[in-house]
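> Before we start, here is the structure in question, set down as structure tokens.
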Amino acid sequence: MNILVVMFDSLRPDHLGFNGHEYVRTPNIDALAEESAVFGNAIVEFPITIPSRTALVTGNYTFTNRRWMPLKDDDITLGQKLQEVGYYNCAFSDTPFSTSSNMDRGFDEFHWIPGGKCHTPPNPDREVDLSGIHFMPETAPSDVRYYTNSMKSRAELMQTQGMYFPDIITREAVKWLEDAAARERKFMLWLDYFDPHEPWDPPQPYSEMYDPGYRGKFIPMPDMRADHCTKEELRHIVAQYDGCVTQVDEQLGKLRACLEGLALWDDTIVVLVSDHGEPFGEHGTIRKFFVPVYDELSKMVFMIRDPQSASGGRKIGALVQNTDLMPTLLARLGIESHETDGIDLNPLIRGEVDRVRDAAYSGAFQIRGSVRTDEWKLIDNRGEKETELFNLPDDPGEKNNLALQEPELCKKLHRQLWEFGLRWSKVLAWRERPGQMAK
């Protein structure tokens, strides 16, 4: 079997049609979900860009013992294990998933395409019209530069190539798939799209798709607090994000059409993942500053379409983590794996078990950590504010902190998180500061 991994950065599961979003159009992702095992409680162990991808490609936890950093010399990746049994691996990326992060390890071809978001634009001297763009007074100069560079890149690419990321990633991937020489062996194709990552600046028609009547200020990079925006401004910010979501959904449709046209669709395991979600003011913050581990950030999109499996259309509610991708794929292909922190999800996918773990962990131990069970979620905010405890079935929005009402449960879960940290952590700060207990 071939493998196609499609990564959409910052894609929230609850902004997809099959998950019940009331207006965002994602017909291609919805169709894939109908044919996939869909993990509805997939938790990112460290919900920011490179740590999340590290967990995906190595199967190992990062938030206990790493910061944002390249792969270590002794990390063994999914690509390397596949190469050992004859797979030919190719990647296309416009994200920090790049050679500078050692993410090219295990790939026979690695194509990092410059000019995307957060990178130096192809023509840095290009002038762009910033009239009508409203930056908050608190907006850092780096964020102003970040958005300005994105606008320069978009203008340059639209003028020279008639398309913008993510369309260029898809175009290049389709060319590679259509080259028969590239497919002489079984392959893994990894496509790492930065969209719908901020800044949310989709071209037409996506920019007006979900808030066409808006005539207020355009705020490209809001500050950390949602109360810096009016309700109308925040609604428009989210509408821009949702336009990016529909744009990346269309890329999946193009990829599927290519695979079907080449008679590869039924010989290819398709994995759709995101590295994390995106806060939009549910707990006061916009974007992922300081790693707030509420579900709007820590839940990820995670689905696996296996053409030889009868699991299509199953929405699996058991707790899983992004560390589980590597051991799951290797086990499915009959490839012996080295020891990882992840768990093989195939028994769960086949319905042989109803759970593979009793708890899932997330956070950045230098900042905060969380532990969740099927019913409860505890967040240790490391002294920044009080410990939080939520009953998830009754309070899925994580609004009602029950830490004071449930002190014994709070202590039990905190001890569980603490013991997890002692088991995995090499960060002295976590061992010395276990965090604030509920009083």
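The values are calculated or read from the model by the stated rules, or taken from the named source; none is laboratory data. Fair warning: this is a prediction, and the values are worked out from it, not measured in the lab. So basically every Cβ, Gly included, is an ideal-geometry build from the backbone, and we count neighbours across all protein chains shown.
> Would you mind stating whether VAL270 is in a loop (DSSP other than H, G, I, E, B) and in contact (Cβ under 8 Å) with a residue 24 or more places away in the chain?
On the way: in a loop (DSSP other than H, G, I, E, B): no; in contact (Cβ under 8 Å) with a residue 24 or more places away in the chain: yes.
Judged against the criteria, VAL270 is not a match.
> Also, quick follow-up: Among (1) assigned to a helix (DSSP H, G or I); (2) touching a residue at least 24 places away in the same chain (Cβ under 8 Å), there is one condition PRO347 misses while meeting the rest; what is its number?
Of (1) assigned to a helix (DSSP H, G or I); (2) touching a residue at least 24 places away in the same chain (Cβ under 8 Å), only one is false for PRO347: (2).
Conditions tested, residue by residue: (1) in contact (Cβ under 8 Å) with a residue 60 or more places away in the chain; (2) assigned to a helix (DSSP H, G or I); (3) assigned by TED's automatic domain parsing to the domain that holds SER142.
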{"site": "ASP211", "(1), (2), (3)": "no, no, yes"}
{"site": "GLY216", "(1), (2), (3)": "no, no, yes"}
{"site": "PRO220", "(1), (2), (3)": "yes, no, yes"}
{"site": "ASP227", "(1), (2), (3)": "no, yes, yes"}
{"site": "ARG235", "(1), (2), (3)": "no, yes, yes"}
{"site": "GLN240", "(1), (2), (3)": "no, yes, yes"}
{"site": "GLY243", "(1), (2), (3)": "no, yes, yes"}
{"site": "THR246", "(1), (2), (3)": "yes, yes, yes"}
{"site": "ASP249", "(1), (2), (3)": "yes, yes, yes"}
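> Here's another thing I want to ask about it. Given (1) in contact with a Phe, Trp or Tyr (Cβ under 9 Å, 6 or more places away or on another chain); (2) crowded, with 21+ Cβ neighbours inside 10 Å, where does THR328 come up short, assuming only one miss?
In the conditions (1) in contact with a Phe, Trp or Tyr (Cβ under 9 Å, 6 or more places away or on another chain); (2) crowded, with 21+ Cβ neighbours inside 10 Å, THR328 misses (1) alone.
> I would also like to ask the following. Quick one: in region 357-366, which of the residues that are among the hydrophobic types (A, V, I, L, M, F, W, C) and either part of a strand (DSSP E or B) or more than 20 Å from PHE46 (Cβ to Cβ) (or both) is modelled with the lowest pLDDT? Working first, answer last.
Narrowing region 357-366 to residues among the hydrophobic types (A, V, I, L, M, F, W, C): 359-360, 364-365.
After this cut, where a residue has to be either part of a strand (DSSP E or B) or more than 20 Å from PHE46 (Cβ to Cβ) (or both) as well, the list is 360, 364.
Values: ALA360: 98, ALA364: 89.
So the residue we want is ALA364.
> Is it the case that some residue within region 77-88 is modelled with pLDDT under 90 and either outside any loop (DSSP other than H, G, I, E, B) or under 21 Å from TRP190 (Cα atoms) (or both)?
Just the residues of region 77-88 that are modelled with pLDDT under 90, to begin with: none.
Scanning region 77-88 turns up no residue that is modelled with pLDDT under 90 and either outside any loop (DSSP other than H, G, I, E, B) or under 21 Å from TRP190 (Cα atoms) (or both).
> In region 208-257, which residue that is surrounded by fewer than 20 Cβ atoms within 10 Å (Cβ to Cβ) and among the acidic types (Asp, Glu) is modelled with the lowest pLDDT?
Only one residue tops the list, namely ASP227.
Rundown of residues vs (1) surrounded by fewer than 16 Cβ atoms within 10 Å (Cβ to Cβ); (2) out of contact with any Lys or Arg (no Cβ under 8 Å at 6 or more places or on another chain), yes/no style:
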position: HIS119; (1), (2): no, yes
position: PRO124; (1), (2): yes, no
position: ILE133; (1), (2): no, yes
position: PRO141; (1), (2): yes, yes
position: TYR147; (1), (2): no, yes
position: ARG154; (1), (2): no, yes
position: LEU157; (1), (2): no, yes
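> Here's a follow-up. If a residue must be at pLDDT 95 or above, of a type in the set (Asp, Glu) and not in a strand (DSSP E or B), how many such residues does region 89-117 contain?
Within region 89-117, residues that are at pLDDT 95 or above, of a type in the set (Asp, Glu) and not in a strand (DSSP E or B) number 2.
> Taking GLN321 as meeting all but one of (1) touching a helix residue (DSSP H, G or I) at 6+ places or on another chain (Cβ under 7 Å); (2) buried (at least 24 other Cβ atoms within 10 Å of the Cβ); (3) not β-branched (Val, Ile, Thr), write down the number of the exception.
For GLN321, the failing item is (1).
> Run PHE289 past the list (1) within 20 Å of VAL238 (Cα to Cα); (2) of a type in the set (Phe, Trp, Tyr); (3) at pLDDT 95 or above; (4) surrounded by fewer than 20 Cβ atoms within 10 Å (Cβ to Cβ) and report the number of the one that doesn't hold.
(3) is the only condition that PHE289 fails.
> Across region 31-75, what is the total count of residues that are small (Gly, Ala, Ser) and surrounded by fewer than 22 Cβ atoms within 10 Å (Cβ to Cβ)? Working first, answer last.
Just the residues of region 31-75 that are small (Gly, Ala, Ser), to begin with: 31, 33, 36-37, 40, 42, 52, 55, 59.
Adding the requirement that they be surrounded by fewer than 22 Cβ atoms within 10 Å (Cβ to Cβ) leaves 31, 40.
Counting residues in region 31-75 that are small (Gly, Ala, Ser) and surrounded by fewer than 22 Cβ atoms within 10 Å (Cβ to Cβ) gives 2.
> Considering only residues that are among the polar types (S, T, N, Q) and more than 30 Å from LEU329 (Cβ to Cβ), look in region 148-203 and name the one that is nearest to the chain's Cα centre (by Cα).
Applying the first criterion (among the polar types (S, T, N, Q)) to region 148-203 yields 148-150, 153, 159-161, 170.
Pick out the ones that are also more than 30 Å from LEU329 (Cβ to Cβ) and you get 148-150, 153, 159-161.
Working: THR148: 24, ASN149: 23, SER150: 20, SER153: 23, GLN159: 30, THR160: 30, GLN161: 27 Å.
Per the stated criteria, the residue is SER150.
> Now for a different question. Given the criteria in contact with a strand residue (DSSP E or B) (Cβ under 8 Å, 6 or more places away or on another chain), in contact (Cβ under 8 Å) with a residue 60 or more places away in the chain and within 21 Å of ARG66 (Cβ to Cβ), does ALA364 qualify?
No: the conditions fail for ALA364.
> Kindly indicate whether any position in region 367-374 is loosely packed, with under 13 Cβ neighbours inside 10 Å, touching a Leu at 6+ places or on another chain (Cβ under 7 Å), under 19 Å from VAL293 (Cβ atoms) and at pLDDT 95 or above. Show your work before the answer.
Start the filter on region 367-374 by keeping residues that are loosely packed, with under 13 Cβ neighbours inside 10 Å, which leaves none.
No - not one qualifying residue is present in region 367-374.
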